[in-house]
Amino acid sequence: MSAPVLVLREESSLYQDRDRLWKEIITEMFEPFILFSMPSLYEKLDWNRKPEMLEQELHRLSVQKKGKRETDKLVKVFLKNGKEQWILVHIEIQGSPDTDFSYRMFQYFYRILDKYKQKIVAIALLTDDRKSFKPQSFHYDFYGTQLTYSYNTFKLMEMDEQQLQRSQNPSSVSCFIKLKRGTIINKQVKNF
């Protein structure tokens, strides 16, 4: 009876390690990640100007409830429209289902908007294996006061494995490896 509990605890630490790994992948391969996840945005960005990672500066605004909580990635990028205009790309990596995830995405959005007063593109990268977990928006409605905040969501397990395998984009390769690894782990757990 104690073995399944051990597996669950081990899985919990795996999620934290996976999130950390994805943060590193996005930091090191930000340009290919944007090309992979948002090709229409990729075309509008000035890649001659180096993106600036801002999440360290944002820790003061981070959502804190249980333990240490911080935004995963906040990146300042420039548009290639000839103007000195920049936008922020907020990337949140979620490795396990969380009922407060959409609310947290909204909190990050309004705190980032309040601090920087710039356009924001929000991306949720969902790396979990639960088909039913795919948050895409936060809704608030109270006596006629209404708000809907929607964001871009990418669920790794919904991506086409063959297309990922054929791609030359390093971000696609990372996603393919994660999908294959998840399939192998799931088979091992089921056989346990």
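Per-structure values
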| read-out | value |
| --- | --- |
| Matching residues, segment 103-126, being closer than 14 Å to Val77 by Cα and of a type in the set (S, T, N, Q) | Gln118 |
| Any pair with Cβ under 9 angstrom, 6 or more apart, that starts in segment 99-119 at a residue that is more than 15 Å from Tyr140 (Cα to Cα) and outside any helix (DSSP H, G or I) and ends at one that is of a type in the set (S, T, N, Q) and modelled with pLDDT under 90 | Gln118/Gln85; Lys119/Gln85 |
| Count of segment 83-93 residues which are over 30 Å from Asp129 (Cβ atoms) and either surrounded by 13 or more Cβ atoms within 10 Å (Cβ to Cβ) or modelled with pLDDT of 85 or more (or both) | 2 |
| Residues located in segment 134-152, provided they are surrounded by fewer than 16 Cβ atoms within 10 Å (Cβ to Cβ), within 17 Å of Ile93 (Cα to Cα) and not polar (S, T, N, Q) | Lys134 |
| Segment 94-121, subset surrounded by fewer than 20 Cβ atoms within 10 Å (Cβ to Cβ) and touching a helix residue (DSSP H, G or I) at 6+ places or on another chain (Cβ under 7 Å), residue farthest from Leu21 (Cα to Cα) | Lys115 |
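The values are calculated or read from the model by the stated rules, or taken from the named source; none is laboratory data. Every value quoted in this text rests on a predicted model; they were computed, and no experiment measured them. Every residue, glycine as well, gets a Cβ built from its backbone with ideal geometry; the counts of neighbours run over all protein chains shown.
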